[in-house]
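Everything on this sheet refers to the single structure shown next.
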Amino acid sequence: MSVLTRREIAVFMTAFAGIAVIADYFLKVPVLNTAVADLLRWGVILASFLLLWGTISMLRVHVEVVRKKTPNQWHYSTWLIFLMAVFVAVSLVGGLAGSQSRWMYDNIYVACSSTYYSVLGFYMISASYRAIRARTKEATLLLVVAVIIMLMNAPIGGAIWQGIPALGKWIVDVPNTGASRGYIIGLAIGAVILGIRTLIGRERGYLS
Amino acid sequence: MLTAGRVASLGALVIMIIVYAWLLTRARKGKVPRIRKMAGFDAIEEAVGRATEMGKPVFFTPGVSGFDHADSPQTIAGLTVLRHLSKLTAKYKAPLIAAVSKATVLPVAEETVRQGYLEAGAPEAFKPSMIRYLSDEQFAWAGGCIGIMHREGVAANIMIGNFMGESLLLAEAGYQAGAIQVAGTANRSQIQFFVTVADYCLIGEEIFAAGAYLFQDPVQLAGLGAQDVAKWVAIGAIVGGIILKVLGMPVILDLLKM
């Protein structure tokens with residue numbers, strides 16, 4: 001099959017599925033609505049199959065790392081393969097909703113995930129420090145606004161000057177909301193145009 | 001037959017398609033809209049050059065979303081950048097690592113990179129292991145990306161797509177690894193982290209201009225022209241709506257509620 005034909009099939013399928021879903025959003029036609037609901041279910045099934053592809057791809061990378069004993073990496077890859085095998089074995093024996101796999105998920109993944117998220121607090125401090133050094137006009141503005149908003153949210157702000165909470169609220173409600181709405185409008189228009197380009201097969205970057 | 005409350009949206013979509021079709025016709029006659037310089041996209045080549053000189057990998061991720069969500073245009077924009085990036089890494093012989101967080105993105109990313117290497121005339125340099133699926137789970141994927149950045153000492157970190165709570169974790173990891181960073185997202189609540197930490201930043205809708213800017217394709221440039229026309233229409237509707245509302249004639253407001 002030539003590259004050209006493969007591309008045309010991909011464009012056709014994208015256009016067909018995309019136009020059907022858009023039509024479903026705007027039109028109340030029972031036959032269409034049912035067909036699109038089925039189409040979306042197919043999408044979910046397809047995505048589940050792709051998880052298997054993803055797992056094979058991941059194993060391929062890590063088995064290669066272990067086989068080559070890549071310095072500073074192979075022991076992590078070994079650990080990953082071992083844990084993956086344990087999770088799969090426990091889920092196969094007790095079921096995905098089984099208490100053992102649930103326990104492992106809650107006590108290993110959720111705990112690690114929460115730890116990661118909490119690290120964000122420290123990163124925010126170091127990033128803020130770098131960002132709000134008054135090196136340029138923009139950075140100075142950022143610094144001033146950041147200080148006002150911090151004081152607005154802390155009880156000491158109102159104690160220093162009663163106008164700080166009102167000023168902070170005005171910054172959030174007026175310039176911030178105005179800029180955000182402009183951002184959202186530009187974004188939505190950009191996304192719609194990209195969608196149209198994708199549906200007509202002219203967003204070529206990701207298409208072979 | 002038309003769903004109530006969505007008629008105005010449908011009208012806006014039809015108008016945008018008509019404007020796009022008109023600009024497309026003009027573009028085919030050679031009248032393409034001009035596009036301003038965007039430092040974020042220009043910096044990608046600089047980042048690849050740096051990685052080549054250092055002999056270290058270029059890291060790329062298209063974000064946390066797949067193709068089944070309202071954020072999928074950001075993933076598509078990210079993959080468009082990946083196509084350009086893979087051509088550059090093939091040209092400069094720099095190692096590339098692209099980490100995806102959704103299994104649905106994996107085959108598309110693989111084909112995108114394969115095609116990039118093919119176009120650069122180095123299909124033999126493409127390896128499927130360049131594209132790594134890490135996990136569908138947000139923080140497992142983020143942890144994997146951070147691990148890769150630190151272990152493999154990446155020289156460049158390019159992140160274009162939808163990023164959520166992990167955006168700062170990834171950007172700080174890139175900073176700690178000493179990588180030159182180009183980051184872009186349309187996620188309003190995360191963009192400030194990229195602006196703060198990344199060396200070059202693409203803000204909001206700028207990421208959707210990737211295809212037009214990087215490939216200078218007249219059809220995609222026409223799309224940017226349509227975006228500009230739509231923005232002027234939106235501004236007109238806002239200003240007109242305010243004036244009419246003040247005059248006691250909320251015509252535009254009623255129209256948008258249709």
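The values are calculated or read from the model by the stated rules, or taken from the named source; none is laboratory data. Since the model is a prediction, treat every value here as computed from it, not as a measurement. Quick reminder, even Gly has a Cβ in these numbers, built from the backbone with ideal geometry, and neighbours come from all protein chains shown. Please note that ligands, DNA and RNA were not included when accessible areas were found on the heavy atoms of the full protein model with its side chains. Shrake-Rupley method; radii C 1.70, N 1.55, O 1.52, S 1.80 Å.
Counting Cβ atoms of other protein chains within 10 Å of each Cβ in A:39-46 and taking the mean gives 1. Listed peptides B:111-123, B:205-217 appear in the order B:205-217, B:111-123 once ranked by packing, highest mean of other Cβ atoms within 10 Å at the front. Residue by residue along B:202-212, Cβ atoms of other protein chains within 10 Å of the local Cβ number 5 on average. With a 10 Å cut-off around each Cβ of A:49-58, the average count of Cβ atoms from other chains is 6. Ligands, DNA and RNA are left out, and with a 1.4 angstrom probe the accessible area of chain B is 41 Å² per residue. Of all the options A:41, A:67, A:197, the one that moves most in a Gaussian network model of chain A with Cα springs shorter than 10 angstrom is A:67. In the range A:155-202, comparing the full protein assembly with the chain on its own, the residues that lose 50 Å² or more of accessible surface at a 1.4 Å probe are A:183, A:187, A:189, A:193, A:194, A:196, A:197, A:202. Taking the Cα centre of the protein assembly as shown as reference, the dipole from Cβ charges on Lys and Arg (+1) and Asp and Glu (-1) amounts to some 760 debye.
Ranking A:118, A:128, A:61 by Cα position along the charge dipole of the range A:53-208, where only Lys, Arg, Asp and Glu carry charges on their C-beta atoms, puts A:61 farthest toward the positive end.
When the protein assembly as shown is described by a simple charge dipole with +1 on each Lys and Arg Cβ and -1 on each Asp and Glu Cβ, the residue from A:160, B:10, A:200 located farthest towards its positive end is A:200. What is the Cα centroid distance between the range A:136-197 and the range B:202-216, reported in whole angstrom? Cα centroid of the range A:136-197 versus Cα centroid of the range B:202-216: 25 Å apart. Name the residue, out of B:76, B:148, B:158, whose mean-square fluctuation peaks in a Gaussian network model built on chain B with Cα pairs under 10 Å. It is B:148.
For the peptides B:138-144, A:87-93, B:182-188, B:58-64, residues were scored by their other Cβ atoms within 10 Å and the scores averaged per peptide; the highest-first order is B:58-64, B:182-188, B:138-144, A:87-93. On association of chains B and A, roughly 5700 Å² of accessible area becomes buried (total for both chains; probe 1.4 Å). Each Cα pair under 8 Å and six or more residues apart adds its separation to the average, and for the range B:44-100 the resulting relative contact order is 51 percent.
Protection proxy ranking for A:102-115, B:82-95, B:15-28, using the average of other Cβ atoms within 10 Å per residue and placing the highest first: B:82-95, B:15-28, A:102-115.
A helix-only calculation puts chain A at -27500 deg cm²/dmol for mean residue ellipticity at 222 nm, using -39500 (n - 2.57) for each DSSP H run of at least four residues, averaged over all residues. Here the Karplus curve 6.51 cos²θ - 1.76 cosθ + 1.60, taken at θ = phi - 60°, turns the phi angles of the range A:23-39 into couplings of 4, 4, 5, 8, 10, 9, 10, x, 4, 5, 4, 5, 4, 5, 4, 5, 4 Hz, with x standing for Gly and Pro. The distance linking the range B:1-70 with the range B:114-128 is 24 Å (Cα centroid to Cα centroid, whole angstrom). Shown for chain B are the DSSP H helices of 15 Å or more along their axis, judged by Cα atoms, with a mean Kyte-Doolittle hydropathy of at least -0.5: B:7-28, B:39-54, B:72-92, B:105-119, B:138-151, B:218-246. Rounded to the nearest 20 debye, the dipole magnitude of the range A:70-208 is 440 debye, with +1 charges on Lys and Arg beta carbons, -1 on Asp and Glu beta carbons, and the Cα centre as origin. Between the Cα long axis of helix A:110-131 and the first principal axis of chain A there is an angle of about 40°, rounded to the nearest 10. Here chain B is assigned +1 on the Cβ of each Lys and Arg and -1 on the Cβ of each Asp and Glu. Its dipole about the Cα centre then comes out at about 780 debye. Taking amide hydrogens as placed 1.01 Å from N in the peptide plane, the amide H of residue B:60 sits under 5 Å from those of B:97, B:98, B:99, B:158, each at least 5 positions away in sequence or on another chain.
If you wrap the protein assembly as shown in the convex hull of its Cα atoms and look at it from every side, the mean projected area works out to 27.8 nm². Please work out the average accessible area per residue across chain A, using the 1.4 Å probe convention, and give it in Å². Heavy-atom SASA per residue in chain A reads 66 Å².
In percent, how large is the relative contact order of chain A, given Cα pairs closer than 8 Å and 6 or more residues apart?
Value for chain A: 22 percent.
A cut-off of 5 Å between modelled amide H atoms, ignoring neighbours fewer than 5 places along the same chain, links residue B:202 with B:183, B:184, B:185. Look at where the Cα atoms of the range A:1-60 and of the range B:150-186 average out, and the two centres are 30 Å apart. For the range B:200-207, 3J(HN,Hα) computed residue by residue from phi via the Karplus equation (6.51, -1.76, 1.60; θ = phi - 60°) reads 10, 10, 10, 9, x, 5, 4, 5 Hz, glycine and proline entered as x. Evaluating 6.51 cos²θ - 1.76 cosθ + 1.60 at θ = phi - 60° for every residue in the range B:64-70, the Karplus couplings come out as 8, 8, x, 10, 10, 9, 4 Hz, glycine and proline recorded as x.
Over the protein assembly as shown, what percent of the accessible surface lies on carbon and sulfur atoms, probe 1.4 Å?
Answer for the protein assembly as shown: carbon and sulfur cover 69 percent of the accessible area.
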